[in-house]
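In what follows, a structure is listed as structure tokens, so that the remarks can point back to it.
The values are calculated or read from the model by the stated rules, or taken from the named source; none is laboratory data. Note that the structure is a prediction, hence the values are computed from the model and not measured. The accessibility values were calculated without ligands, DNA or RNA, using every heavy atom of the protein model including side chains. Shrake-Rupley method; radii C 1.70, N 1.55, O 1.52, S 1.80 Å.
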Amino acid sequence: MAGGAGLAVRLWSPARRRLVVWCAAGGLLAVQATVTVQAFSALDAGLAGGALSGVYFAGLLAGVIAAIAASMVALLLGRRNPGA
């Protein structure tokens, strides 16, 4: 997702690039947040009760949040270094 957003930002006119970056970042966060809520709602409904299920759920959620943060960093770093 971040790769497609980064490509769209690079192809856009430099005069409006800042607006496009923020729109792409907002869209990226909206889509990822929606998908995360849906996926983890289904995961929570399917897990058996217990402490290990809670640890598993928390670990997966932490990994997803880290991946979303990394994609935002990649998108915003790509914006700062358009020649790369």
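Probe radius 1.4 Å, ligands and nucleic acids left out: which of Val35, Val55, Val20 has the largest accessible area, and how do the rest follow?
Reading off the accessible areas and sorting them downward yields Val55, Val35, Val20.
Could you give the length gained by full extension between Leu19 and Ala66, i.e. 0.36 nm per residue of separation minus their alpha carbon distance, to one decimal place?
Details: separation 47, 0.36 × 47 = 16.92 nm, distance 2.49 nm.
Length gained between Leu19 and Ala66: 14.4 nm.
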